[in-house]
Each structure stands twice: as structure tokens, then as C-alpha cells.
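Trainee: Have a look at this one before I ask anything.
Where a number appears in this text, it was derived from the coordinates with a stated rule and is not lab data. Note that the structure is a prediction, hence the values are computed from the model and not measured. Cβ atoms come from the backbone with ideal geometry, glycine included; neighbour counts cover every protein chain shown.
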Amino acid sequence: MKSITLNREQQQAVNFGNFDKSTNFVSSPLLIIAGAGTGKTNTLAHRAAHLLLNKVDPERILLMTFSRRAATELSDRTKKIVIETQKNNGKPVANFNLSWMGTFHSIANRLLRRYGQTMGIDPNFTIIDRNDSADFIDVLRHELRLTSRDKRFPKKSTCLNIYSRCVNSQLKISEVLKQDFPWCEEWENELTSLFKLYSQKKLEQLSLDYDDLLLYLFYMVDEPEIAKLVRQNFDHVLVDEYQDTNLLQAGILARLFPDGNGLTVVGDDAQSIYSFRSAEIENILNFPHQFSPAAKVISLKINYRSTQPILDLANELLSQSKIGYDKKLVSHQIKKHTSTRDKPKIVTVEDDVQQAKYIVETVLSERENGIDLKQQAVLFRSGHHSDRLEVELMRHDIPFVKYGGLKFLEASHVKDLLSIIKWIDNPKHQISAFRVLKLLPGIGPNIAKKAIDFLQLNEHQFKCLRGFSVPTAANEYWFNLVSILIESQSQQAKWPSEMEFVNNFYRPLLEEIYDDAYVRTGDLEQLTNIAQQYHSREKFISELTLEPPIASGDLNSEAHKDEDFLILSTIHSAKGQEWRNVFILNVADGNFPNEYATESPKGIEEERRLLNVAITRAKQSLHLIQPLKYWVPEQPKYGSKHVYGAKSRFLTNSVYQRLESCFYPKNQQHVAESEPKYKQIANIQSKIQQMW
DNA sequence: CACCCAAACTTTTTT
DNA sequence: AGTTTGGGTG
């Protein structure tokens, strides 16, 4: 295939492969190293299209991406290319579907439901999200009496994080604790028994957490016979963001494609930012050796996104690293003449309030210049960094959408309603049952537990609950709830009308529990609307768990399509995206690098890559903001919550030379001193005390 | 046994 | 500021 939109290396990557004797298109293992903005998605889409145009069956291509958004984008582009090429060649345009496309977790979900029986896995399992898992662990840790000790046991989310690391890194718990959770080392034995119970109970309750999806699939394809069975479905696999895969994911691929034939992976070692999820940068670095000598490596270095001054900054930042990235990105844009205006800015401000003001002011003046809010994004290290800014934006009536902040599914009323649905879907799912039961007035943890045990004793037939008595306060709710449960269990395929019954049941409870019930009703309506889009209850739950709506505006994205809004996003959530103007908040030591990551050189390197990812999102204009003072929400023991941040260690002199230094407000380097000061004349304390 | 309140403690990023 | 734990009351 020829296309003028591709450069030489891209073209090479697209066309890599041959026809064998039987005219099947085959390809040996291929690694595409694609630096930021080098047209990775375009190349992948063209490669997929190339396969299709060479008669590879679309059903037999496996596309693994990092997010749903990436998956749809890739598939849309692929289709477009295929259709246009067919038109140009005067061929009839065939309709097709790339059905095996999604995240590792969603692909694992499908494969486990289809082939799980070979491992004794009931295909009707429920996927539990992070919150459910944490609640699960919470219950078990009480059961094991791990609370009420003289020293506090790690909290549920920490326990889950440790568990997750163990599974995904395939390391022993002692190793994980030593490396990443040294403050929990003393609890090793307790944690071990907790995790043992956790995995056992999950199996009993037909519940798989995110890690299980990968783990179970790994064990499944570890059986050569089953691997062969699964392998028969696919001729080609394209894996995106390979630098962020972990050992389990790489292991799955290695077992499905032992010789690497048909395997194409794409990634950028300089953008590996998910080690907390046990991503192994070694996966991408070792790929050529793993499949030596057959493996081919192609590097894309021409950047189509950013101006050269922005790339100069990124290149300089990476060149400071001890790991030798081979990543001198070169801009495709022909530079007319470089002036200081093109240079990325480092803006020094007094504190987060000034930081927010600077953003508001700049964003608005840019909009005056005809740059939509949508073309501008504010990026930050952690979710709460935008708190101040959000207040400021609301005050100025500037619409925004935040990615990576508080999620829709984390709102307790949404969790309540979903729990009912999940319990109906899987009567063995005790975490949902527990949550639902505790909603009813007069029912607390103990009665809830008894009811659940009672249900288990009666083989999870909801109708047995008629014979379970509850406190009078709960009577009416109890009767209605049990009616719904029995109804759903007896008849099938009532989705999504079932959602209505559940809604009607929950509404009065909502009003009883929350003061702001009215506001929350809106969310429940949205949830009901989403439910309409799925044709089964199981699909609805699975999809919602695997791809939760990530931004506040995500749910009614159609409605928001015409509107203009500013993007706020964590850097992790900004992966793969680009904007004309980019602002990076809190570029100070403690955030870049994050204070918890500075223990190990590896950690610091990842922080550097994180800053690199943030920088390379910008097309034309980039502002790093450096507050002298910033807010530290935790640890009040240090007294003042304002901390004077040190200059980021990444901003060395040579990096600084790539930046233009500014101050905000202009010409006021010492804001604190400019505020008027008055002498104390009276004492408020004595006045107050005199009142009594 | 459920519910409310106060005190102690808290490790970023997410499929 | 949010979570966890323990104590007191009805």
C-alpha cells in the first residue's frame, strides 16, 4: 500500500510482512518504537488496514489498546483507510467489523467467558472494580480480626494495592513489601492470610477483580492445550502502549504467540509511566532479544505534533537521564524563525491561588485570540492539584471537564443502585448484597451478614428470603426488595426494564438517606439511560466496570459535543492526547518528582518520563508553572499546610535554557511583601474572653 | 445491634 | 479533608 501521508519509516512499519506459499499474509515479530507525536496511531491504523486489504479476516485480528478511547479511535481510522483505498481502487466497499479490539482486561473478560470452562471457571462471573475489591478486603480483614490491634493495620485500599502488586509483578509478598510498602513490612503474615482468604472467597462468590482477569487468563494460556485453542482464533495481534504492559500481559502474549509471528507491538520507552501498576519497561526493551533473531525494530522519530522548541525541552529533559533513551525528536514543522515567543515558559507564581489566577487569565485571553477552550488543557500530577483551579474556573463561569478526578461510579448513591443490579445478576456476590442490605433502616452489618448466610444456606434462591425476618423498621423495604429479587431470578431477559423496578425501589431510600437527594436523582437517571444502551444486564455491568466513564462530562458526551470547555486532566489520563496549549501545574520538587517516588533512582526516572509525557502533549504553547509555596493536604503534624517547594530537580541549568522565565503577576517577584502590613492595635483574644 | 460522634491517622498516578 | 476505630446511647 502506498500513501503520501506516511514517511519512510512509517511506511516500512505498515508494510512489514510477506505472503507465504498459500498467499496468506504473514509477519515475523515487529517492534515499533514510536516517540511522542510521531504518528503512532496513524501507523497502527494503516498497518491494520494493510492487513485487511491483504485479505486478512477482520475477525482474526486482535487489537490490544490501553483504553476504550484509543480502541475506537484506532478502529475508526482503520475503517476509513480501508474504505478510501477500496474506493480509489474502484473496488466495492465491503463492510466489516474489528470485533477483537479492546483493553487487555476486556479481551481477557471475553476469552474467560468463552474458554473459562476449560479451567473450571463459571462463565457467569462478575467483575468487581477497585471499590468493590477494597470493600471485600475490608470485610475479610474484620473477619480475620486484623483490626483492634495495638498498631493499626494498613487500610483497605493499601491492602488492595499490595495484593495487586503481588499479582501483577509475580513477586513474593515479602519482596513487594520491601520494595514498595516498607511501612507495612511488619504485617507480612497477616497480609498473606488475608490475601489467601480473599482469593478463595472471590472464587466462591464468582467474582473476579481486575487482576484476576489477567491472572486467570495467564494461567489458562499457560496450559499449552488451551493456548492452542485460543490461538486458533487469531492470525495477527497489534499491541499498543507496549511499554506499559506488565509481566502477566507479556506472559499471555508469549504463550499465545511463542515465536512472535503475527505479533506487532508499539510503544515508547520514554513514556512508560505505569510502574505502580507493575508495568515493566523491560518488556519493550527486551522484545528484540525475546524474539531474536526474527524480531524487527523500527523507530519513528519525526514528530508531527509539536514545535521544535517544545521538543528541544523534552529532548534536553530526557538527555539528563542516566538511561540512554534514543529519543531525539525532530519536529516536522518547518521553523520560520524561532523567537522567544515560541519557547516554552516557566512561570513562577507565589502560590496555588496565583497559579489558578494565571491559568484563568491566560486561558481567557487565548480564547479572545480565537483559541477554543477545547484546544487548551491543564495537566497535573495528582487529582487534587486542580482543586483551587476548579473553584476559580467556576467563579469565572469557565466550563471544564476533568479527567481522572472523582468518578461518577464512586458516588455512593450510584454505587447503591449498582449494587442492587449486581446482586440480582450474581446472588453469590456478597459485597453487593452487604451494601444493599445495610441501606435498609434498622439493618446493620450483623443482620446483613445473617441474611447473606441464610441465602447461602438456601442455595442462593432469593425466594428463601421471604422466610427471613428483619427489624420492623425495615419491613416494608424488605418486602419490596425481596419481591424484585425473586422476580428477576424467576424470569429472564427483562433488561433494561428491570432498571425501572430497581429505581422505584431505591428512590424512597435515596430520599431518606441523603439530604441532597434531588441532585443525586439526576445521576441515577443518567445511569438508567446508559443501561438502555446494553442489551443484557451482564454486558452493562461488565462494560461499566471495565470502562468506567472517566470524566464528569463523559456520560452525555453527545450533548456536550458542541460546547466548548477546558480540559483538566491528570498526566496519566492525558496519555495519547494532544492540545494546542498545555499548562502543567505545580512543577516543583515534591510533585515533579513526587516525594514518594524519590526513594529509588527507578522511581525518579519514571517521574522524569511523566514530565516528558506532559510536555510532549503540547502542540504550540507550553507553560510550566512553578509555585513558590504550595498546598500539602496531608500531614498536619508539620504545622502549616503551606510548604515551600524547592525547585524541581529536573529543571537543571541546561533545561532552564530551553525555557523562558516569567513571573506572575508581572513585575512582582515578591508578592508577599507587596501586601500592606498594619501594626497590631488591640487584642481580639482578650475581647472575646471578656464576654463570658 | 444500629447509629452517632470524636479522635487518630493518613503514601501520588488507574485498567 | 477523608478514612478508620472506639465509645456511648437508645
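Trainee: Can you give the Kirkwood hydrodynamic radius of the stretch A:424-511 from its Cα pairs, in Å with one decimal?
Mentor: When all Cα pairs of the stretch A:424-511 are included, the Kirkwood radius is 13.3 Å.
Trainee: Follow-up. From the convex hull of the Cα coordinates of the stretch A:198-245, what is the mean projected area in square nanometres?
Mentor: Convex hull of Cα atoms, orientation-averaged projection: 4.7 nm².
Trainee: Express in nm, to one decimal, how much length is gained between A:K539 and A:I302 on full extension, taking 0.36 nm for each residue of separation and deducting their alpha carbon distance.
Mentor: Here the segment from A:K539 to A:I302 would lengthen by 81.2 nm.
Trainee: Quick one: the Cα spread of the stretch A:32-80 along its three principal axes, in angstroms, biggest first?
Mentor: That gives 31, 20, 18 Å along the principal axes, largest extent first.
Trainee: Treat every Asp and Glu Cβ in chain A as -1 and every Lys and Arg Cβ as +1, leave all other atoms uncharged, and give the resulting dipole magnitude about the Cα centre to the nearest 20 debye.
Mentor: 1280 debye
Trainee: Let me ask something additional. Does the stretch A:1-72 come out rounded, prolate or oblate by the C-alpha gyration tensor, with a ≥ b ≥ c the root eigenvalues, rounded set by a/c under 1.5 and, if not, prolate when a/b is larger than b/c and oblate if not?
Mentor: Oblate, since a/c reaches 1.5 and b/c is not below a/b.
Trainee: I would also like to ask the following. What full-extension length gain, to one decimal in nm, is calculated for A:T598 and A:E204 as 0.36 nm per residue of separation minus the Cα-Cα distance?
Mentor: 137.8 nm is the gain from fully extending A:T598 to A:E204.
Trainee: Once R0 is set to 30 Å, what does the formula 1/(1 + (r/R0)^6) return for the Cβ-Cβ distance between A:D515 and A:E410, expressed as a FRET efficiency to the nearest 0.05?
Mentor: 0.95
Trainee: Please check which bits of the stretch A:419-446 a label hung off A:S490 would reach, taking the label as a point 7 Å along Cα-to-C-beta and the cut-off as backbone N under 19 Å.
Mentor: Residues A:424-427 fall inside that zone.
Trainee: Separate question: Mind putting together the pair-distance distribution for the stretch A:70-203? All Cα pairs, 10 Å bins, whole percent per bin, short to long.
Mentor: 10, 28, 24, 16, 11, 8, 3, 0
Trainee: For a quick check: sort A:T103, A:T72, A:T43, A:T23 by the number of other beta carbons within 10 angstrom, fewest at the front.
Mentor: Ordered by Cβ neighbours within 10 Å, fewest first: A:T23, A:T72, A:T103, A:T43.
Trainee: On to the next question. Rounded to whole Å and ordered largest first, report the semi-axes of the equivalent ellipsoid of the stretch A:331-485 derived from its Cα gyration tensor (root of 5λ).
Mentor: 56, 17, 13
Trainee: Using Cβ contacts closer than 10 Å as the measure, can you line up A:D523, A:D453 from fewest to most?
Mentor: Placing the least packed residue first, the sequence is A:D453, A:D523.
Trainee: Would you mind estimating how fast chain A diffuses translationally, via Stokes-Einstein at 4 °C and 1.567 mPa s with the Kirkwood radius over Cα pairs, in µm²/s?
Mentor: For the chosen part, D equals 46 µm²/s.
Trainee: Among A:S536, A:N503, A:V519, whose Cα projects farthest towards the positive end of the dipole of the stretch A:496-541, with charges put on the beta-carbon of Lys, Arg (+1) and Asp, Glu (-1)?
Mentor: My answer, from the dipole projection, is A:S536.
Trainee: Length gain on complete extension for the stretch A:H396 to A:N233, per 0.36 nm per residue less the alpha carbon to alpha carbon distance?
Mentor: Value of the extension gain: 53.2 nm.
Trainee: Which residues in the stretch A:39-78 place their backbone N less than 15 Å from a point set 7 Å from the Cα of A:V93 along the Cα-to-Cβ direction?
Mentor: Within reach of a label on A:V93: A:76-78.
Trainee: Right, next: Could you compute the FRET efficiency for A:E223 and A:E368, with r as their C-beta to C-beta distance and R0 at 45 Å, rounded to 0.05?
Mentor: So, using R0 = 45 Å, E works out to roughly 0.10.
Trainee: Oh, and also: When a footprinting reagent is the concern and you count Cβ atoms within 10 Å, what order do A:W423, A:W183 take, fewest first?
Mentor: Ascending Cβ contact count within 10 Å gives the list A:W183, A:W423.
Trainee: Which is the longest part of chain A that has none of the GluC sites (Glu not before Pro) sitting in a DSSP loop with at most 16 other Cβ atoms within 10 Å?
Mentor: A:1-458
Trainee: May I ask you to list the lysines whose Cα is less than 22 Å away from that of A:K422, ignoring any residue fewer than eight positions away on the same chain?
Mentor: A:K156, A:K201, A:K202, A:K407, A:K438, A:K449, A:K450, A:K463, A:K494, A:K539
Trainee: What fraction of the DSSP beta bridges in chain A is antiparallel, stated in percent and rounded to the nearest 5?
Mentor: Taking every DSSP beta bridge within chain A, about 15 percent pair in antiparallel fashion.
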